[in-house]
Amino acid sequence: MLVFASIALMMVGKIESVSVDSARARVTDAFAPILDAISRPAATAARVIESAVEVENAFDENQRLKAENARLLQWKQAALRLETENASLRTLLRVTPEPSVSFITARVIATPGSSFVRTLVVTAGRRDGVRKGQAALAGAGLVGRVIEVGEWSSRVLLLTDINARVPVVLESSRQRAVLAGDNSDQAKLLYLPPESPVQVGERVVTSGHGGLFPPGLPVGVVTSASERGVRVLPNADLSRVEHLRLVDFGLPGTELDLAAEWK
Amino acid sequence: MTATFWQRLDKAGRNLAPFAVTVMLVLIGLIPIPVPAYTPVAPQLTLISVYYWTIHRPDLMRPGVAFLLGLLQDLLIGGPLGVNALMLVVAQWAVLNQRRVFLASTFALLWIGFAMVMAGAVFLEWLAFSALSATMLPVKPALFQGLLTVAMFPAVGWLLIRMHRAFLNA
């Protein structure tokens, strides 16, 4: 009897995904305070262990950071020069300014332990300005997008989930593709032309097609390119995201308006 | 009269223990642990709990309870609804059918029994997810999750025995 109920639920979940989503958002909301409370000791323990390891490596780390800092200062100079140049060129061309960007920072309180689902639950919801479809960034790059918003919690679908699809572009060859997760640690590129020149180590950024994400967000790096497909390793370490930024770019079509994509 | 009321309340509270413990295990299973590649293979603590209580207190771990727990897990995990519910209900039913064998057996046999239930659950989960996404998904992560759960069984089992004694054998 209940077996059939479960199977029926699966069907209902497939068909009535909107109401299931809102039910799920409610339940997640209800449990968010508890999850928040119990995730803190775990985070603290992890931090203690990590700091112990860091103390051990402090000297090497310091050396490395000094070298990196010197290199980054050079980059900073280059960036400043390019910024002024860019600004002056923009004034010459009368480019419309990009939509303003606002960030919502949220803490990760739950990472479901399941072999077939890759999502995160974070402590920010509708009352904080989170909307469905917003991009989630962590440190070095894109993590995923918001798929479900509760009152004070929301759920992020990671890039590596089997249902995740992100329109991307390869940075140097400007080749468009779709990044698709398959529940492994790396995602694969779909719809690449067969003879496209893809090099290992090439950076992958969002293309902005579909209107969901703005163009140019760093996503990952190509790790292997063969006949069996091109694999991309996300920049952000998805297994240890603690805080992430939900980004509201104020672009049209962020409410997952499918009609807008076909115009 | 009041005494019986309080006694009844106490009894009801104690009888809720299996359910409450399993809910706690659902939540513990969601804690983010910053270990690389841990999340995909995080052990299925709820299955251990359902297995344990079905053997020792089937009157408190009914199919309905297993179904509710699975549903809660589905809602919190964010996967398709009903997969964990199906898994726990089937596991509960399977264990209940063989309960006499399990009750009379030693801990090692209980462990082997759990490994068999887990294998079935892994297969069922994989089948459900594959059917829902209409592709053949790799079974390997689920297999490792199963192995890790089987490895965790003694520790969680010990905890459940302590709970059992504390709440239900008073």
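The values are calculated or read from the model by the stated rules, or taken from the named source; none is laboratory data. Keep in mind the model is a prediction, meaning the values are calculated, not measured. Heads up, the Cβs are rebuilt from the backbone with ideal geometry, glycines too, and the neighbour counts pull from every protein chain shown.
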Checklist outcome for this item: The one condition B:A37 fails out of (1) in a helix (DSSP H, G or I); (2) without any contact (Cβ under 8 Å) to a residue 24 or more places away in the chain is (1)
Next on the checklist: So, A:S114, is that one free of Cβ contacts under 8 Å to residues at least 12 places away in the same chain and surrounded by 10 or more Cβ atoms within 10 Å (Cβ to Cβ) or not?
Outcome noted: yes
Item to check | Residue match in segment B:75-91 (condition: surrounded by fewer than 14 Cβ atoms within 10 Å (Cβ to Cβ) and more than 30 Å from A:V18 (Cβ to Cβ)) | outcome: no
Checklist entry - Do we have A:R24 as under 24 Å from the mean Cα position of the chain (by Cα) and more than 8 Å from every other protein chain (Cβ to nearest Cβ) here? => result no
Checklist entry - Quick one: A:V156 ticks every box in (1) at pLDDT 90 or above; (2) more than 11 Å from the chain's Cα centre (by Cα); (3) within 11 Å of chain B (Cβ to nearest Cβ) bar one, so which box is it? => result (2)
Checklist entry - Would you call A:P218 crowded, with 18+ Cβ neighbours inside 10 Å, in contact (Cβ under 8 Å) with a residue 12 or more places away in the chain and more than 14 Å from every other protein chain (Cβ to nearest Cβ)? => result no
Checklist outcome for this item: Of the residues in segment A:228-263, those that are at pLDDT 85 or above, in contact with a Gly (Cβ under 7 Å, 6 or more places away or on another chain) and not in a loop (DSSP other than H, G, I, E, B) come to A:V232, A:L233, A:P234
Checklist entry - Does segment A:65-93 hold any residues that are within 28 Å of the chain's Cα centre (by Cα) and of a type outside the set (S, T, N, Q), and which are they? => result A:L65, A:E68, A:R71, A:L72, A:L73, A:W75, A:K76, A:A78, A:A79, A:L80, A:L82, A:E83
Checklist entry - Just wondering, is there one or more residues in segment B:10-17 that are facing chain A (nearest Cβ under 9 Å), at negative phi and part of a helix (DSSP H, G or I)? => result no
Checklist entry - Looking only at segment B:114-139, which residues are without any contact (Cβ under 8 Å) to a residue 24 or more places away in the chain and away from chain A (no Cβ under 13 Å)? => result B:M116
Next on the checklist: Checking B:Y52 against (1) within 10 Å of chain A (Cβ to nearest Cβ); (2) in contact with a Leu (Cβ under 6 Å, 6 or more places away or on another chain); (3) part of a helix (DSSP H, G or I), only one condition comes out false. Which one?
Outcome noted: (1)
Checklist entry - From the residues in segment B:107-140 that are at pLDDT below 85 and among the hydroxyl-bearing types (S, T, Y), which one is surrounded by the most Cβ atoms within 10 Å (Cβ to Cβ)? => result B:S133
Checklist entry - In segment B:2-24, is there at least one residue being over 15 Å from B:H164 (Cα atoms) and among the basic types (K, R)? => result yes
Checklist entry - What do you reckon, is A:G129 within 14 Å of chain B (Cβ to nearest Cβ) and at positive phi? => result no
Item to check | Restricting segment A:70-118 to residues that are closer than 17 Å to A:L158 by Cα and either in contact with a Cys (Cβ under 6 Å, 6 or more places away or on another chain) or part of a strand (DSSP E or B) (or both), the residue that is farthest from the other protein chains (Cβ to nearest Cβ) | outcome: A:T105
Next on the checklist: For the structure I just gave you, tell me whether A:G113 is farther than 21 Å from B:Y38 by Cα and of a type in the set (G, A, S).
Outcome noted: no
